[in-house]
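Undergrad: Pasting a structure here, questions to come.
The values are calculated or read from the model by the stated rules, or taken from the named source; none is laboratory data. The model shown is predicted, which means the values in this text are computed figures rather than measured ones. Quick reminder, even Gly has a Cβ in these numbers, built from the backbone with ideal geometry, and neighbours come from all protein chains shown. To get the accessible areas, we keep the full protein, side chains included, count just its heavy atoms, and leave off ligands, DNA and RNA. Shrake-Rupley method; radii C 1.70, N 1.55, O 1.52, S 1.80 Å.
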Amino acid sequence: MSIQFITNEELYKFVIEPIAQAKEYVWIGTADIKDLHVKSQSSVKSFLSILNTLAKKKVLIRLLHAKEPGPNFQNSFDKYPLLWSNMERQLCPRVHFKHVIIDGTYAYTGSANLTGAGLGMKSKNRRNFEAGIVTTDAPMIESILNQFDDIWMGNHCKTCERKDFCGDPIL
């Protein structure tokens with residue numbers, strides 16, 4: 001695969017499942033984040049448990065999102081103290097892109113937030129209509145990674161005119 005267009009239920013298979021296979025790093029950019037649940041053998045668990053397993057394996061995790069998540073996410077997050085010190089989080093109220101970059105060799109970009117209705121396992125008739133691409137194309141991955149990194153490093157903070165809405169300025 002070099003570039004593949006995916007929609008709806010395919011996002012779960014081509015975005016959530018590959019995250020669990022990360023070896024070095026996972027960077028996730030999303031406007032909205034909720035307590036997403038995923039399949040785990042014969043049960044269901046919080047997506048944060050996957051990130052926690054990655055943290056145990058020393059995989060670097062970065063989460064860039066636009067606003068503080070709700071109480072359900074916070075309650076789940078509190079169950080994974082390893083993530084408190086091993087997952088880097090930054091807020092930027094201007095983030096609206098949805099990116100997942102895995103080990104610099106696989107990336108997703110599209111419309112789906114890190115929510116059950118976007119990337120989660122909601123049923124076909126309850127999920128959002130989403131679309132995106134997954135790619136192993138190195139130049140495209142580099143472009144996605146560069147946009148993420150540009151925001152992560154705070155390169156827009158000094159001239160940002162939305163500082164009044166930024167609860168946790170990067171710079």
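Undergrad: Take the residues in segment 20-43 that are modelled with pLDDT of 90 or more and open to solvent by 10 Å² or more (accessible area, probe 1.4 Å); name whichever of them is nearest to the chain's Cα centre (by Cα).
TA: 27
Undergrad: Let me ask something additional. Would you mind stating whether residue 133 is crowded, with 16+ Cβ neighbours inside 10 Å, in contact with a strand residue (DSSP E or B) (Cβ under 9 Å, 6 or more places away or on another chain), of a type outside the set (Gly, Ala, Ser) and farther than 17 Å from residue 15 by Cβ? Reasoning before the result, please.
TA: Values: crowded, with 16+ Cβ neighbours inside 10 Å: yes; in contact with a strand residue (DSSP E or B) (Cβ under 9 Å, 6 or more places away or on another chain): yes; of a type outside the set (Gly, Ala, Ser): yes; farther than 17 Å from residue 15 by Cβ: no.
For residue 133, the condition - crowded, with 16+ Cβ neighbours inside 10 Å, in contact with a strand residue (DSSP E or B) (Cβ under 9 Å, 6 or more places away or on another chain), of a type outside the set (Gly, Ala, Ser) and farther than 17 Å from residue 15 by Cβ - is not met.
Undergrad: Restricting attention to segment 115-163, report how many residues are more than 20 Å from residue 62 (Cα to Cα) and part of a strand (DSSP E or B).
TA: 3
Undergrad: Before we move on, is residue 137 on the phi > 0 side of the Ramachandran plot, in contact (Cβ under 8 Å) with a residue 12 or more places away in the chain and not small (Gly, Ala, Ser)? Working first, answer last.
TA: Working: on the phi > 0 side of the Ramachandran plot: no; in contact (Cβ under 8 Å) with a residue 12 or more places away in the chain: yes; not small (Gly, Ala, Ser): yes.
In short, no.
Undergrad: Looking at (1) open to solvent by 10 Å² or more (accessible area, probe 1.4 Å); (2) touching a Phe, Trp or Tyr at 6+ places or on another chain (Cβ under 7 Å), which is the only condition residue 94 fails?
TA: Exception for residue 94: condition (2).
Undergrad: Please go through segment 158-169 and give me each residue that is surrounded by fewer than 17 Cβ atoms within 10 Å (Cβ to Cβ) and in contact (Cβ under 8 Å) with a residue 24 or more places away in the chain, ordered by number.
TA: Applying the first criterion (surrounded by fewer than 17 Cβ atoms within 10 Å (Cβ to Cβ)) to segment 158-169 yields 158-159, 161-169.
Hits for segment 158-169 are 162, 165, 166, 167, 168.
Undergrad: Looking at segment 50-58, can you tell me whether even one residue there is under 24 Å from residue 137 (Cα atoms) and surrounded by fewer than 19 Cβ atoms within 10 Å (Cβ to Cβ)?
TA: Looking for residues that are under 24 Å from residue 137 (Cα atoms) and surrounded by fewer than 19 Cβ atoms within 10 Å (Cβ to Cβ), one finds none in segment 50-58, hence no.
Undergrad: Between a first residue in segment 142-157 that is of a type in the set (D, E, K, R) and a second residue that is assigned to a helix (DSSP H, G or I), which pairs have beta carbons less than 9 Å apart while being 6 or more apart in sequence or on different chains?
TA: The qualifying pairs do not exist here.
Undergrad: Also, I was wondering about something else. Quick one: is residue 101 at negative phi, at pLDDT 95 or above, assigned to a helix (DSSP H, G or I) and buried (at least 20 other Cβ atoms within 10 Å of the Cβ)? Don't jump to the end; show me each part of the working.
TA: On the way: at negative phi: yes; at pLDDT 95 or above: yes; assigned to a helix (DSSP H, G or I): no; buried (at least 20 other Cβ atoms within 10 Å of the Cβ): yes.
Judged against the criteria, residue 101 is not a match.
Undergrad: Under the condition of being open to solvent by 40 Å² or more (accessible area, probe 1.4 Å) and farther than 13 Å from residue 110 by Cβ, which residue from segment 6-19 is nearest to the chain's Cα centre (by Cα)?
TA: Start the filter on segment 6-19 by keeping residues that are open to solvent by 40 Å² or more (accessible area, probe 1.4 Å), which leaves 7, 9-10, 13-14, 17.
Within this subset, residues satisfying the condition of being farther than 13 Å from residue 110 by Cβ are 9, 13, 17.
On the way: 9: 17, 13: 15, 17: 12 Å.
This residue is 17.
Undergrad: Another question, if that's okay. Using beta carbons and a limit of 6 Å, which pairs, at least six apart or on different chains, have the first residue in segment 69-85 and in contact (Cβ under 8 Å) with a residue 12 or more places away in the chain and the second one open to solvent by 60 Å² or more (accessible area, probe 1.4 Å) and assigned to a helix (DSSP H, G or I)?
TA: Pairs that qualify, where the first residue is in contact (Cβ under 8 Å) with a residue 12 or more places away in the chain and the partner is open to solvent by 60 Å² or more (accessible area, probe 1.4 Å) and assigned to a helix (DSSP H, G or I): there are none.
Undergrad: Also, quick follow-up: Restricting attention to segment 113-130, and to residues there that are touching a Gly at 6+ places or on another chain (Cβ under 7 Å) and either more than 16 Å from residue 100 (Cβ to Cβ) or surrounded by fewer than 18 Cβ atoms within 10 Å (Cβ to Cβ) (or both), which single residue is modelled with the highest pLDDT?
TA: Let us first name the residues in segment 113-130 that are touching a Gly at 6+ places or on another chain (Cβ under 7 Å), namely 122, 128, 130.
Still in the list and also either more than 16 Å from residue 100 (Cβ to Cβ) or surrounded by fewer than 18 Cβ atoms within 10 Å (Cβ to Cβ) (or both): 122, 128.
Values: 122: 79, 128: 91.
The extreme case among them is 128.
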